[in-house]
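Everything on this sheet refers to the single structure shown next.
The values are calculated or read from the model by the stated rules, or taken from the named source; none is laboratory data. Note that this is a predicted model, so its numbers are computed, not measured. When we count neighbours, we look across all protein chains shown, and the Cβ atoms used for this are built from the backbone with ideal geometry, even at glycine.
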Amino acid sequence: MEMTEAIVRAASAVGAGLSMIAGIGPGIGQGYAAGKAAEAVGRQPEAKGDITSTMLFGCAVAESTGIYGLVVAMILLFANPLIK
Amino acid sequence: MNVKGPEILFEIPVLGGIPITETIFNGWLVVAAISIVCFFLGRNLSVRNPSKRQIVAEKLVLTLSGLVENTMGKNNMFFLPYIGALFSYSILSSLSGLLGLRAPTGDINTTVGFALIAFFLIQFFNIKNKGVLGWLKGFTEPVAFLTPLNIISEIANPISMAFRHFGNIASGIVITGLIYGALAGLSKVVLGWIPVIGSIPFLQAGLPAILSIYFDVFTSFLQAYIISMLTMVYVGSANEANQ
């Protein structure tokens, strides 16, 4: 019984780490958006305010997949349903 | 490592005991703070010679109403009080983490509450503008066999809104806790051999403050802006016929 729980705990910790691989996608996406925003500011410096707020909004929406990974990791670490 | 969920502070002895968590209690504090600020900003207003306080209040209200008008249109201006309440509650809740309180928005229940209000507003305005049959028919568009996907995407909206806000604030709490733990361990390694001074985690001063500028201040502003913006966009597009 203890052995089983130890395996479940270890696997949960590994799984929490693996689930944070989901951070790659938003990282690439937000970097791309920020790069495009920098280009846009270079082309039209007078629209800087609009561009920045649009970029931040888009970044925050693009972030949600990474946040799902984070939520899975936090459930595995702090509120594990597999351990009674 | 000191990363915990909200603790139950006390119970109200009604209906078999209603547990009051840190989330609810800090939420009350935030509401009290907002009420006091609004009360003081709204007193002694005059048209002829406005005081400095009145100019601040007018600037805040005009900024917010401009944002709502640009995003939702002139006919949806009756949402202004709700958006203002959502924004101020969200931002002050997140910023209350700076005072050492546990941020109410770092609890999934708060953000699910925000998201459910938006969800029911969207469905209410869809039903109001299209009628019950039109609302149901909207799920079968463009093709009937896409109905399950439409229903899932409708449910996914509030879930992603809630998780986004919760995840950003809670990840700040978790990372701050991890860094405090790591710095305590590190200062023990560096100066732990000195009898009295070694027990003081001196490395905890300084570095967490810099990180909390990003994790607390920037994220709080951004997430409050995002959740009110998303609420405005979704509800505004559901109430498009009114525009």
Discussion item. On the basis of being in contact with a helix residue (DSSP H, G or I) (Cβ under 6 Å, 6 or more places away or on another chain) and more than 14 Å from chain A (Cβ to nearest Cβ), does residue B:186 make the cut?
Written reply: yes
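Which of the residues spanning segment B:1-20 are over 20 Å from residue B:172 (Cα atoms) and either within 14 Å of chain A (Cβ to nearest Cβ) or touching a residue at least 12 places away in the same chain (Cβ under 8 Å) (or both)? Spell out how you get there, then give the answer.
So in segment B:1-20, the residues over 20 Å from residue B:172 (Cα atoms) come out as B:8-20.
Hits for segment B:1-20 are B:8, B:9, B:20.
Let's see how each residue does on (1) surrounded by 15 or more Cβ atoms within 10 Å (Cβ to Cβ); (2) at pLDDT 80 or above; (3) in contact with a strand residue (DSSP E or B) (Cβ under 9 Å, 6 or more places away or on another chain):
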position: B:166; (1), (2), (3): yes, yes, no
position: B:185; (1), (2), (3): no, yes, no
position: B:204; (1), (2), (3): yes, no, no
position: B:243; (1), (2), (3): no, no, no
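For segment B:228-241, what are the residues that are within 14 Å of chain A (Cβ to nearest Cβ) and surrounded by 18 or more Cβ atoms within 10 Å (Cβ to Cβ)? Break it down stepwise before answering.
Here is the first cut: in segment B:228-241, the ones within 14 Å of chain A (Cβ to nearest Cβ) are B:228-234.
B:228, B:229, B:230, B:231, B:232, B:234 - these are the residues of segment B:228-241 that are within 14 Å of chain A (Cβ to nearest Cβ) and surrounded by 18 or more Cβ atoms within 10 Å (Cβ to Cβ).
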Worksheet entry | Among residues of segment B:1-52, those that are modelled with pLDDT of 80 or more, over 26 Å from the mean Cα position of the chain (by Cα) and surrounded by 11 or more Cβ atoms within 10 Å (Cβ to Cβ), counted | 2
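Filter segment B:25-54 down to residues that are free of Cβ contacts under 8 Å to residues at least 60 places away in the same chain, within 24 Å of residue B:89 (Cβ to Cβ) and of a type in the set (Val, Ile, Thr), then give me how many there are.
Within segment B:25-54, the first condition is being free of Cβ contacts under 8 Å to residues at least 60 places away in the same chain, and the residues that meet it are B:25, B:28, B:31-54.
From what's left, within 24 Å of residue B:89 (Cβ to Cβ): B:25, B:28, B:31-43, B:45, B:53-54.
Narrowing the set further to residues that are of a type in the set (Val, Ile, Thr) leaves B:31, B:34, B:36-37.
So the answer is 4.
Residues in segment B:55-72 that are surrounded by fewer than 16 Cβ atoms within 10 Å (Cβ to Cβ) and in contact (Cβ under 8 Å) with a residue 40 or more places away in the chain: how many? Break it down into steps so the answer makes sense when it comes.
The initial filter retains those residues of segment B:55-72 that are surrounded by fewer than 16 Cβ atoms within 10 Å (Cβ to Cβ), namely B:55-56, B:58-63, B:65-66, B:69-70.
Now drop any that are not in contact (Cβ under 8 Å) with a residue 40 or more places away in the chain, which leaves none.
Adding up the residues that qualify gives 0.
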Worksheet item: Of all residues in segment B:187-201, how many are surrounded by fewer than 16 Cβ atoms within 10 Å (Cβ to Cβ) and either in a helix (DSSP H, G or I) or in contact (Cβ under 8 Å) with a residue 24 or more places away in the chain (or both)?
Response: 7
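Could you list, in sequence order, all residues of segment B:201-227 that are within 14 Å of chain A (Cβ to nearest Cβ) and of a type outside the set (A, V, I, L, M, F, W, C)?
Looking only at segment B:201-227, we keep the residues that are within 14 Å of chain A (Cβ to nearest Cβ), and these are B:214-215, B:218-227.
Across segment B:201-227, the qualifying residues are B:214, B:219, B:220, B:223, B:225.
How many residues are without any contact (Cβ under 8 Å) to a residue 60 or more places away in the chain and either more than 20 Å from residue B:214 (Cα to Cα) or in a helix (DSSP H, G or I) (or both) if we restrict to segment B:90-107? I'd like the intermediate steps shown before the answer.
Within segment B:90-107, the first condition is being without any contact (Cβ under 8 Å) to a residue 60 or more places away in the chain, and the residues that meet it are B:99-100.
So of that shortlist, the ones also either more than 20 Å from residue B:214 (Cα to Cα) or in a helix (DSSP H, G or I) (or both) come out as B:99.
Qualifying residue count for the region: 1.
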Discussion item. Go through (1) closer than 24 Å to residue B:157 by Cβ; (2) at pLDDT 90 or above; (3) surrounded by 16 or more Cβ atoms within 10 Å (Cβ to Cβ) for residue A:57 and report which single condition fails.
Written reply: (2)
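A quick yes/no check of all residues on (1) in contact with a Gly (Cβ under 9 Å, 6 or more places away or on another chain); (2) surrounded by 14 or more Cβ atoms within 10 Å (Cβ to Cβ):
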site: A:24; (1), (2): yes, no
site: A:43; (1), (2): no, no
site: A:49; (1), (2): no, no
site: A:62; (1), (2): yes, yes
site: A:66; (1), (2): yes, yes
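In segment B:210-227, which residue that is closer than 12 Å to residue B:97 by Cα and of a type in the set (A, V, I, L, M) is surrounded by the fewest Cβ atoms within 10 Å (Cβ to Cβ)? Please lay out each step first, then the result.
Here is the first cut: in segment B:210-227, the residues closer than 12 Å to residue B:97 by Cα are B:212-213, B:215-217, B:219-220.
When the remaining residues are screened for being of a type in the set (A, V, I, L, M), the result is B:213, B:217.
Working: B:213: 11, B:217: 14.
Among those that are closer than 12 Å to residue B:97 by Cα and of a type in the set (A, V, I, L, M), it is B:213.
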Worksheet item: Quick one: which of B:138, B:131 is at pLDDT 80 or above and on the phi > 0 side of the Ramachandran plot?
Response: B:131
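Okay, residues lined up against (1) in contact (Cβ under 8 Å) with a residue 60 or more places away in the chain; (2) away from every other protein chain (no Cβ under 11 Å):
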| site | (1), (2) |
| --- | --- |
| A:42 | no, yes |
| A:46 | no, yes |
| A:53 | no, no |
| A:56 | no, no |
| A:62 | no, no |
| A:66 | no, no |
| A:70 | no, no |
| A:75 | no, no |
| A:80 | yes, yes |
